[in-house]
Amino acid sequence: MGIIIGLVVTLGCLLGGFVAMGGHLSVLVQPFEYVIILGSSIGTFLVANPMKVVKDTGKGISEAFKNASPTQRDYLDVLGILHQLMREMRSKSRSEVEAHVDSPSESEIFQAFPKVLKNTAMTNFICDYCRLIIIGNARPHEIESLMEEEIETISRDTLKPKHALQDMADGLPALGIVAAVLGVIKAMGALDQSPEVLGHLIGAALVGTFAGIFFSYGVIGPLATKVKVVREKRVRMYVIIKQTLIAYMNGAMPQVALEYGRKTISAYDRPTIDQVENETIGGGSTAQAG
């Protein structure tokens, strides 16, 4: 919703100001200029990126429009499932805990938090490191280093759509100039026409420069930034998991270990200690209701 409101404000001010200074909107209606600019931009985007990144960019744009950042409910779900797993690791045998991490889809703990279970990548991340913990041979600093390396890899992969869109935005002004040059070439072929006709052709050519710059800095660039913001918040979930499990490995009680994870959540979305306690005491019942 924020993206749509922003675009409406941008276009309203831009076009409204143009009309207020005496401009005619009909001059900006140059469909072939837009075809040249946007078509070439999309073509270079397809050339520069593998199909996986192209598809992920579409997904990232969808997430940006929906503002699909983690909510406080999502953070509580992650903390809740970690609390349940740490309690199991603390009080149950290795074989009993392995049953949860080897088949999370059949685990009562994971089933109590369906939103976490639906996120396959995050579920695998939790299970992989819980498995390493129950094996018992790994040292906390080694696990922490491995986690940081994996989170860095996840971050690079999830931000590829942002970089692809930013590269697209960076190239749009130059493509706008290309469209303008083509328009000038067309105008040069009509030098024998009346000044009115020639002026219209030159104005149409300049629309290409305007469109390239506007789409770059007014649409694609901000959209790339929004994708980055949403994706970085989603990656933050892995940092919460890391801090919680490392605290547990260093000897913290499950409830105390949760506090290490809770403190890494942005103050805008961070649940209170009481909320976390109610969630963990409820054993996931709140998650099911949500």
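Among the residues of the range 198-217, which ones are open to solvent by less than 60 Å² (accessible area, probe 1.4 Å), farther than 19 Å from G60 by Cβ and of a type outside the set (F, W, Y)?
L198, G199, L201, G203, A204, A205, V207, G208, T209, A211, G212
Among what's in the range 39-53 and is out of contact with any helix residue (DSSP H, G or I) (no Cβ under 7 Å at 6 or more places or on another chain) and open to solvent by 60 Å² or more (accessible area, probe 1.4 Å), pick the residue that is nearest to V230 (Cα to Cα). Step through it out loud before you land on a result.
At the first step, the residues of the range 39-53 found to be out of contact with any helix residue (DSSP H, G or I) (no Cβ under 7 Å at 6 or more places or on another chain) are 39, 42-43, 47, 50-52.
Now narrow it down to the ones that are open to solvent by 60 Å² or more (accessible area, probe 1.4 Å): 42, 47, 50-52.
Working: I42: 23, V47: 26, P50: 22, M51: 21, K52: 19 Å.
Ranking the qualifying residues of the range 39-53, first place goes to K52.
Which numbered condition in (1) within 18 Å of S41 (Cβ to Cβ); (2) surrounded by 15 or more Cβ atoms within 10 Å (Cβ to Cβ) is the only one that M237 fails?
Evaluating M237 over (1) within 18 Å of S41 (Cβ to Cβ); (2) surrounded by 15 or more Cβ atoms within 10 Å (Cβ to Cβ) leaves (1) as the failure.
Just checking, does the range 65-77 include any residue being surrounded by fewer than 22 Cβ atoms within 10 Å (Cβ to Cβ), over 20 Å from M237 (Cα atoms) and of a type in the set (A, V, I, L, M, F, W, C)?
yes
Between I143, I126, I109, which is open to solvent by 10 Å² or more (accessible area, probe 1.4 Å) and of a type in the set (A, V, I, L, M)?
On the way: I143 fails: open to solvent by 10 Å² or more (accessible area, probe 1.4 Å); I126 fails: open to solvent by 10 Å² or more (accessible area, probe 1.4 Å).
Answer to the selection: I109.
In the range 247-258, is there at least one residue being surrounded by fewer than 19 Cβ atoms within 10 Å (Cβ to Cβ), touching a residue at least 40 places away in the same chain (Cβ under 8 Å), polar (S, T, N, Q) and under 18 Å from F113 (Cβ atoms)?
Yes: the range 247-258 contains one or more residues that are surrounded by fewer than 19 Cβ atoms within 10 Å (Cβ to Cβ), touching a residue at least 40 places away in the same chain (Cβ under 8 Å), polar (S, T, N, Q) and under 18 Å from F113 (Cβ atoms).
Conditions first: (1) open to solvent by 60 Å² or more (accessible area, probe 1.4 Å); (2) within 14 Å of the chain's Cα centre (by Cα); (3) of a type in the set (D, E, K, R). D56 passes all but one, so which condition is the exception?
Among (1) open to solvent by 60 Å² or more (accessible area, probe 1.4 Å); (2) within 14 Å of the chain's Cα centre (by Cα); (3) of a type in the set (D, E, K, R), the lone unmet condition for D56 is (1).
Do you know which residues across the range 112-123 are aliphatic (A, V, I, L, M) and surrounded by 14 or more Cβ atoms within 10 Å (Cβ to Cβ)?
Residues of the range 112-123 that are aliphatic (A, V, I, L, M), as a first pass: 112, 116-117, 121-122.
The answer is A112, V116, L117, M122.
Does I81 qualify as being open to solvent by 10 Å² or more (accessible area, probe 1.4 Å) and either in contact with a Phe, Trp or Tyr (Cβ under 6 Å, 6 or more places away or on another chain) or not in a helix (DSSP H, G or I) (or both)? Give the steps one after another, and end with the answer.
Details: open to solvent by 10 Å² or more (accessible area, probe 1.4 Å): no; either in contact with a Phe, Trp or Tyr (Cβ under 6 Å, 6 or more places away or on another chain) or not in a helix (DSSP H, G or I) (or both): yes.
Here the answer is no, as I81 does not meet what is asked.
Residues are listed down the side, and each one gets a yes or a no for (1) under 30 Å from H200 (Cα atoms); (2) modelled with pLDDT under 95; (3) polar (S, T, N, Q):
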residue	(1), (2), (3)
C127	no, yes, no
E144	no, yes, no
P161	no, no, no
V178	yes, yes, no
K186	yes, yes, no
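The values are calculated or read from the model by the stated rules, or taken from the named source; none is laboratory data. Every value quoted in this text rests on a predicted model; they were computed, and no experiment measured them. Every residue, glycine among them, receives a Cβ derived from its backbone with ideal geometry; neighbour counts consider all protein chains shown. With ligands, DNA and RNA removed, areas are computed over all heavy atoms of the protein, side chains included. Shrake-Rupley method; radii C 1.70, N 1.55, O 1.52, S 1.80 Å.
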